[in-house]
Amino acid sequence: YDKISFGAMGDSAYEYMLKLWLQSGKTEHKYRRMYDRAIEGLHEKLLHRSTPSGLTYITQLVYGDQLHHMEEFVCFAGGMLALGAFHDPEGFESSRAQRDFKTAKALTYTCYQMHARTDTGLAGNNVIFVPGEDFRYSEDDQIHQLRPEFVESLYILHHITGDPMYREWGWEYFEALEKYSKVEGGYTSVKGAHSPSLWNEDNMESFFLAETLKYLYLLFGGDKENNLLEKYVLTTEAHPLGIFRDNS
């Protein structure tokens, strides 16, 4: 294959392998098998750790060559892996589930660092991993587009673990949005988020309302009584679809 990626134009395929199985009430086993095979390949071929901090990240394979950069899109993978581990047919305490859950938490920590190591607390589109300095941003990647993937993973991990750390990271992100992205009438993409030449673009992506703010709301308690993850599958656009139940 020319390109293998968990980033843009590839992410939803892996996510829906898992979610089709979940929505079927865990009866359409072929989708779970497809997902498990893909995650085995992820661990064998694409998962790496940076130096000096040992940050876990996912590369791309392009014509067989490893590209050591990670898009912000890939931050969805922490939530996906956590969800897959929690519902693993072999049990959450199985070695496979614990491996996947460990990777989920490590990837989400990397995504947190992608935000925390900027001047604004807002991650750009893509980071390049460099031996000896973990990662850096190129000039072209210094735009934050209000993407939801990081917050989605925070919500899922907090829902499963109850660890307040994930809310703390989410609050740091929300405060950065309030400080640098909020303008009269809404919130905008931020360009130059990692340089002194910060400026706001004249647009607000629709997924900011549909996904980013929804996941922030759920993270901070909006899911307290609904238990969304037990009753519904959230699509890649955060729309809740009911899980099929066997009424026989």
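One table, with the values for the structure above:
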| item | result |
| --- | --- |
| Cβ crowding within 10 Å averaged over residues, with 100-110, 64-74 ranked highest first | 100-110, 64-74 |
| Residue pairs, from the table Lys102/Lys214; Lys19/Lys105; Lys45/Lys214; Lys30/Lys214; Lys45/Lys105; Lys182/Lys214, whose Cα atoms sit over 22 Å apart | Lys102/Lys214; Lys45/Lys214; Lys30/Lys214 |
| Nearest-ten-degree value, helix 165-176 long axis tilted from longest Cα axis of the chain | 40 degrees |
| In order through the range 202-214: 3J(HN,Hα) via Karplus (6.51 cos²θ - 1.76 cosθ + 1.60), integer Hz, x for Gly, Pro | 9, 7, 10, 5, 5, 5, 5, 6, 6, 10, 4, 5, 5 |
| For His144, net neighbour charge (Lys/Arg +1, Asp/Glu -1) across residues whose Cβ lies under 9 Å away | +1 |
| For the range 58-198, alpha-carbon Rg over 2.2 N^0.38 Å | 1.12 |
| Kirkwood hydrodynamic radius of the range 23-130, Cα pairs, Å | 14.9 Å |
| Nearest 10 degrees, 0 to 90: helix 11-23 Cα axis against the chain principal axis | 30 degrees |
| Separation of the Lys182 and Leu228 label points, Cα + 7 Å toward Cβ, nm | 2.2 nm |
| Overall Cα dimensions of the range 80-145 - principal axes, largest extent first, Å | 45, 28, 17 |
| The chain: angle of helix 76-86 to the longest principal axis, Cα-based, in degrees nearest 10 | 30 degrees |
| For peptides 48-58, 111-121, sequence by mean Cβ density within 10 Å, most packed first | 111-121, 48-58 |
| Amide H contacts of Glu205 (H built 1.01 Å from N, under 5 Å, at least 5 apart or other chain) | Ser189 |
| The range 79-164: relative contact order as a whole-number percent, Cα under 8 Å and 6+ apart | 27 percent |
| Contact order relative to length of the chain, as percent, for alpha carbon pairs under 8 angstrom and 6 or more apart | 18 percent |
| Evaluated over the chain, the Cα radius of gyration and Dmax, each in Å | 17.9, 63 |
| Pairwise Cα inverse-distance average, inverted: Kirkwood Rh of the range 1-57 (Å) | 12.7 Å |
| Electrostatic dipole magnitude of the chain [Cβ: Lys, Arg +1; Asp, Glu -1; Cα centre; debye, to 20] | 700 debye |
| Relative contact order computed over the range 139-248 (Cα-Cα under 8 Å; 6+ residues apart), in percent | 28 percent |
| ³J(HN,Hα) computed for each position of the range 122-139 - Karplus, 6.51 cos²θ - 1.76 cosθ + 1.60, integer Hz, glycine/proline x | 10, 6, x, 6, 7, 10, 10, 8, 10, x, x, 9, 6, 8, 9, 9, 7, 4 |
| Relative pair counts by distance (%), Cα atoms of the range 164-213, 10 Å bins | 23, 51, 23, 2 |
| Size of charge dipole - the range 137-215 - debye, nearest 20, with Cβ of Lys, Arg +1 and Asp, Glu -1, no other charges | 200 debye |
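Values in this text are rule-based calculations from the coordinates and carry no lab data. Being a predicted model, the structure only gives us computed values, none of them experimental. Counting neighbours? That spans all protein chains shown, and the Cβs are built from the backbone with ideal geometry, glycine included.
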